[in-house]
Amino acid sequence: PRHTVTTTTPTGHEYTSRAPRLPGTPPHTSHVDYSHIEERLIEVLYAA
């Protein structure tokens, strides 16, 4: 999975950022946030 960083502000708000995909990785064509398993399956299917 991609690297994820969660930052918590002094007021308690949390912001989560994920690293961008590596070059050559097919982009997601929808705005759906896939689960870890779904992302791995997509990576395997594109690699085949």
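A few notes on this one:
- Filter pass, ILE42 being surrounded by fewer than 10 Cβ atoms within 10 Å (Cβ to Cβ) and at pLDDT 80 or above: no
- Count of residues meeting criterion [open to solvent by less than 70 Å² (accessible area, probe 1.4 Å) and either modelled with pLDDT of 80 or more or touching a Phe, Trp or Tyr at 6+ places or on another chain (Cβ under 8 Å) (or both)] in segment 26-39: 3
The values are calculated or read from the model by the stated rules, or taken from the named source; none is laboratory data. Predicted model, so just to flag it, every value in this text is computed and none were measured. Note: ideal-geometry Cβ built from the backbone for every residue, glycine included; neighbour counts use all protein chains shown. Accessible surface areas use protein heavy atoms only, side chains included; no ligands, DNA or RNA. Shrake-Rupley method; radii C 1.70, N 1.55, O 1.52, S 1.80 Å.
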